[in-house]
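Q: Quick one: this structure, given as structure tokens, is what I'll be asking you about.
The values are calculated or read from the model by the stated rules, or taken from the named source; none is laboratory data. Since we're looking at a predicted model, the values are computed, not measured. Backbone-built Cβ (ideal geometry, glycine too); neighbour counts: all protein chains shown. In case anyone asks, the SASA skips ligands and DNA or RNA and just uses the protein heavy atoms, side chains included. Shrake-Rupley method; radii C 1.70, N 1.55, O 1.52, S 1.80 Å.
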Amino acid sequence: MIKQFELCIVIPCYNEEKRLDKERMLNFIEAQRNVLLCFVNDGSSDNTLEVLNTIKTAYPNNVVAISTPKNVGKAEAVRTGITYCNKNLKFNKIAYLDADLATTLEECYEISTLVTDEVIFAFGSRIKKIDTNIQRKTSRFLIGRIIATFISKQLKLGVYDTQCGCKIFDSKLSKNIFNEKFISKWLFDVELFHRIIKIYGEEKMNTICREVPLKSWIDYDDSKVKMTYFFKLWLDLYHIRNHYK
């Protein structure tokens with residue numbers, strides 16, 4: 001009999017051998033045995049898979065480690081993990097999270113409790129407030145705000161942060177919006193919003209979605225997204241806008 005998990009968290013991993021914090025992950029699993037971690041080794045050339053397998057060995061009932069035959073990028077790695085979970089596991093909600101745990105597993109789980117019968121999508125937002133610990137480099141923050149403003153206008157939504165790597169969906173929604181490949185390796189988050197809008201319409205987004213200011217988010221210094229992508233992303237946004245018109 002297949003166990004019913006409250007939440008699955010998909011974590012894409014590309015050459016993360018040195019960044020994977022096994023202790024934090026094991027402590028989380030020990031505290032939340034109703035959660036499954038699905039790691040997707042995205043064609044890593046280092047010992048990422050070996051590290052993932054040690055985590056799986058410790059908690060074989062709460063950890064899945066799968067691999068892509070080659071590096072396919074974050075968008076397809078996330079889609080691969082969510083598709084695997086939909087085909088092979090039973091769960092109420094599913095999330096994806098960055099391997100560096102810039103958003104903690106604990107906060108991802110906390111945000112997931114907001115996903116209910118009425119709210120089918122919740123996501124973290126890196127809003128710096130006096131009572132939060134949001135650590136971002138000034139350059140990335142400023143560039144991020146420019147990009148976020150254009151994305152918000154394109155979506156016609158008052159969304160502050162579409163690109164935070166912490167998003168949670170109910171199981172039914174995940175089956176509907178991850179079935180097709182994405183146009184962009186890094187702006188696939190924007191495509192997810194477009195896909196939800198296409199199903200439910202703009203007028204329902206403020207009732208079925210929740211944008212949640214994170215309590216903590218730490219910008220670790222090994223982002224896979226290079227600053228030079230700033231010049232290419234506008235072409236990606238253009239293609240995304242035309243595709244989802």
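Q: Once you wrap a convex hull around the alpha carbon atoms of region 131-245, what is its projected area averaged over all directions, in nm²?
A: Working: hull surface 31.4 nm².
One quarter of the hull surface, i.e. the mean projection, equals 7.9 nm².
Q: Where the eigenvalues come from the Cα gyration tensor of region 1-140, what are the semi-axes √(5λ) of the equivalent ellipsoid, largest first, in whole Å? Can you show the working numbers first?
A: On the way: eigenvalues 101, 84, 46 Å².
Value: 22, 20, 15 Å, ordered largest first.
Q: Determine the per residue accessible area of the chain with all protein chains present and a 1.4 angstrom probe, expressed in square angstrom. Provide the component values of the computation, followed by the final result.
A: Values: 12170 Å² over 245 residues.
In whole numbers, the chain has 50 Å² accessible per residue.
Q: I'd like the trypsin sites (Lys or Arg not before Pro) in region 84-158 restricted to DSSP loop residues with at most 14 other Cβ atoms within 10 Å, sorted by number.
A: Values: sites: LYS87, LYS90, LYS93, ARG126, LYS128, LYS129, ARG136, LYS137, ARG140, ARG145, LYS153, LYS156; in loops: ARG126, LYS128, LYS129, ARG136, LYS137, LYS156.
Taking region 84-158 and a limit of 14 other Cβ atoms within 10 Å, the loop trypsin sites (Lys or Arg not before Pro) found are LYS128, LYS129, LYS137, LYS156.
Q: Let me ask something additional. Starting from the Cα-Cα distance between ASN27 and ASP131, subtract it from 0.36 nm times their residue separation and give me the gain in nm to one decimal. Show your work: numbers first, answer last.
A: Details: separation 104, 0.36 × 104 = 37.44 nm, distance 2.55 nm.
Roughly 34.9 nm would be gained on extension.
Q: Summing +1 for each Lys or Arg and -1 for each Asp or Glu, what net charge is found among the other residues whose Cβ lies under 12 Å from the Cβ of TYR238?
A: Working: positive: LYS232, ARG241, LYS245; negative: ASP236.
Neighbour charge sum, excluding TYR238 itself: +2.
Q: Please say if region 7-88 is rounded, prolate or oblate, where rounded means a/c under 1.5 for a ≥ b ≥ c the square roots of the C-alpha gyration tensor eigenvalues, and otherwise the choice is prolate for a/b larger than b/c and oblate otherwise?
A: Details: a/c = 2.04, a/b = 1.22, b/c = 1.67.
Here region 7-88 falls in the oblate category.
Q: Sticking with this structure for a sec: Which whole-number percent is the relative contact order of the chain (Cα, under 8 Å, 6+ apart)? Intermediate values should be presented prior to the final figure.
A: Working: 402 pairs, mean separation 55.3, N = 245.
Here the relative contact order equals 23 percent.
Q: Another question about this same structure. Rounded to two decimals, what is Rg over Rh for the chain when you use alpha-carbon atoms and the Kirkwood radius? Show your work: numbers first, answer last.
A: Working: Rg = 17.1 Å, Rh = 18.3 Å.
Reported Rg/Rh (Cα atoms, Kirkwood Rh): 0.93.
Q: Rounded to the nearest percent, how much of the accessible area of region 103-238 (1.4 Å probe, protein heavy atoms only) is carbon and sulfur?
A: On the way: 4100 of 7130 Å².
Carbon and sulfur: 57 percent of the exposed surface of region 103-238.
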